[in-house]
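The values are calculated or read from the model by the stated rules, or taken from the named source; none is laboratory data. As the structure is a computational prediction, the values presented were derived from the model and not from experiment. Glycine also receives a Cβ, built like all others from the backbone with ideal geometry; neighbour counts cover every protein chain displayed.
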Amino acid sequence: MMRNPKLLALIALITFIAALAGTMVGRSLAGIGTEPVNELHVLLYDELDLTDAQRRNLKLLEADFAKRKAFVEKQLGADNAAIANAMEMEHGYGAKVEAAVDRMHGTMGKLQKLTLEHVFAMRQELTPVQARRYDQVVAKLLRNADK
C-alpha cells in the first residue's frame, strides 16, 4: 500500500472531485437545473400540440418523477457526506473511501435509470408523430449533454 501522504491526499482530492463531477452529470441527465430540460419541456408543452388528456397524464408523470427523484437526490447528498466522512477518517484513498464512492456510483446509476424510465413513460403518452419528434430532441440532448 502507498505510504506517501501527499500522493494519498491528491488521490483523495481527485476522487472527491470525480464524485462531484459524477453528481453533476447525473443531475444533468436527470434535468436538474439545466437548460436542455427546458428545451424538452418547451417541446412537450408548446410544440407537440398535446391533447388535454396528454397534458394531464404528463403532469401526473412529472409529479411522480419529482418525488422519486427527490428521494434519490437526498441519497446522493448522504453519499457525498459518507465520502467526506470516509476521507476524514482515512486521510487517503482507502477501503472506506472506495466503498463510499462505490455507493455513490450506485445511487447515480439509480438516478440515470429513473430518469430514463421517466423519459420513456412520457413517450408512451404521445402519438407516433409526436413520439418521433420527442425522440429526436431527447437524442440531441443526450448527445450534447457535455457541451
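Listing for the model above:
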quantity: Selected residue (criterion: nearest to Arg132 (Cα to Cα)) from residues of the range 64-81 that are surrounded by 17 or more Cβ atoms within 10 Å (Cβ to Cβ) and among the aliphatic types (A, V, I, L, M); calculated: Val72
quantity: Tally of residues being at pLDDT 90 or above and either among the aromatic types (Phe, Trp, Tyr) or surrounded by 14 or more Cβ atoms within 10 Å (Cβ to Cβ) (or both) across the range 38-51; calculated: 1
quantity: Given (1) closer than 21 Å to Leu40 by Cβ; (2) out of contact with any Lys or Arg (no Cβ under 6 Å at 6 or more places or on another chain); (3) free of Cβ contacts under 8 Å to residues at least 60 places away in the same chain, number of the condition Arg103 does not satisfy; calculated: (1)
quantity: Residue list for the range 110-145, filter: outside any helix (DSSP H, G or I) and touching a residue at least 24 places away in the same chain (Cβ under 8 Å); calculated: Glu125, Leu126, Asn144, Ala145
quantity: Failed item in (1) in contact with a Ser or Thr (Cβ under 6 Å, 6 or more places away or on another chain); (2) within 24 Å of Arg132 (Cα to Cα), with Leu61 passing the rest; calculated: (1)
quantity: Test set (1) surrounded by fewer than 16 Cβ atoms within 10 Å (Cβ to Cβ); (2) at pLDDT 90 or above - Lys140 fails condition number; calculated: (2)
quantity: Count of residues meeting criterion [outside any helix (DSSP H, G or I) and either modelled with pLDDT of 95 or more or aromatic (Phe, Trp, Tyr) (or both)] in the range 52-109; calculated: 1
